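Novice: What follows is a structure written as structure tokens; I'll ask about it next.
Coordinate-derived values only; no laboratory data. Keep in mind that what you see is a predicted model, and the values were worked out from it rather than measured. Cβ coordinates were reconstructed from backbone atoms using ideal geometry, including for glycine residues, and neighbour counts include every protein chain displayed.
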Amino acid sequence: MDISAQVREVPVAPGPGTLNEAIKSDTTETGDRVDPENTVYVLQRGPEAYYLLEGSISNSGYPLTIKAEDGDGPRPFLQPMVVGDESARAFRPKADLTLMGLHVTNYDNLGGQPTRMIRASEDDITIIVDDCWFDRDGQSFIRVDNPGMNIQITNTVVSNIGYPTSPDNGRGIDDRGNEIDTVIIENCTFYNISSRIIRDGGGAINYCRVSNNTFMNIGQ
């Protein structure tokens, strides 16, 4: 018998901190997550779909899925917001993370530049990115802090990673010497990457598939 769970969609309106708050407050009176396994946070499309992030989007102990609403129109635009005197990178997952149909920059709203758009900081997590555009970071698109990652990037654009003043820091995926379980990059475009697509610090990649991509203006 096939059994499928009912997906629980949580719509999130554009605005400063609305996505942070929607995820943080999605709990019961006891503080437990409402339905972490089946919840999808759905963002609006269109020219007014502007989501300022009041700190990194981070999840620990539960999977997190964020997607654009169905239909046409510009992707929802996510940007770090300066709070106090600094901003934070867009994502700091400590459990599985799925992102679909988003436009994300790491260039904050006051012209600052946090680094490492997705910094993955727990063992054995899965990161799935599909139909997104990640643009502008001073160091890397994905930084790996722990071993056992499963990274799947499909139908996505990654652009403008790294600075001319520090060209070796422009990296697509930086494993920092951690072993990676899986890397899949398919049907993607990477351009203006000042160093390399994958920066290997000495950790093994158990399985890697790089297929049907366009890589343009890659420094090294």
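Novice: Can you list the HN-Hα couplings for the stretch 128-144, worked out from phi with the Karplus curve (6.51, -1.76, 1.60; θ = phi - 60°), rounded to whole Hz and with x for Gly and Pro?
Specialist: 10, 10, 9, 6, 10, 10, 10, 9, 6, 8, x, 9, 7, 6, 10, 10, 9
Novice: Using a simple spin-label model with points 7 Å from Cα along the Cα→Cβ vector, what separation in nm is obtained for Asn206 and Ser60?
Specialist: Those two pseudo-labels are separated by 2.5 nm.
Novice: So how much slack lies between Gln113 and Glu179, counting 0.36 nm per residue of separation and subtracting their Cα-Cα distance, in nm?
Specialist: That pair, Gln113 and Glu179, stretches by 21.0 nm at full extension.
Novice: With a ≥ b ≥ c the root eigenvalues of the C-alpha gyration tensor of the stretch 155-220, is it rounded (a/c under 1.5), prolate (a/b larger than b/c) or oblate?
Specialist: Since a/c reaches 1.5 but b/c is at least a/b, the shape of the stretch 155-220 is classed as oblate.
Novice: Taking 8 Å as the Cα distance limit and 6 or more residues as the minimum spacing, I'd like the relative contact order of the stretch 1-145 as a percentage.
Specialist: Relative contact order, the stretch 1-145: 19 percent.
Novice: Could you list which residues have their amide H under 5 Å from that of Asp96, counting only those 5 or more apart in sequence or on another chain, with H placed in the peptide plane?
Specialist: Excluding prolines and chain starts, which carry no amide H, the hits are Leu64, Thr126.
Novice: Going by a ≥ b ≥ c, the root eigenvalues of the Cα gyration tensor, does the stretch 31-77 fall in the rounded group (a/c under 1.5), the prolate group (a/b larger than b/c) or the oblate group?
Specialist: The shape class here is oblate.
Novice: Another question about this same structure. Taking every DSSP beta bridge with both residues inside the chain, roughly what % is antiparallel (nearest 5)?
Specialist: Looking only at bridges with both residues in the chain, the antiparallel portion is about 5 percent.
Novice: Another question, if that's okay. Can you give the Rg and Dmax of the stretch 29-179 based on its C-alpha atoms, in angstrom?
Specialist: In Å, with Rg to one decimal and Dmax whole: 15.1, 50.
Novice: Right, next: Which percent, to the nearest 5, of DSSP beta bridges fully inside the stretch 8-54 are antiparallel?
Specialist: Within the stretch 8-54, antiparallel bridges account for around 10 percent of the total.
Novice: Now for a separate question. Determine the distance separating the Cα centre of the stretch 1-54 from the Cα centre of the stretch 88-134; give it in Å without decimals.
Specialist: If you average the Cα positions of each part, the centres end up 16 Å apart.
Novice: Per DSSP helix of 4 or more residues, -39500 (n - 2.57); summed, then divided by the residues of the chain. What does that give at 222 nm, rounded to the nearest 500?
Specialist: The helix contribution divided over the chain gives -1000 deg cm²/dmol.
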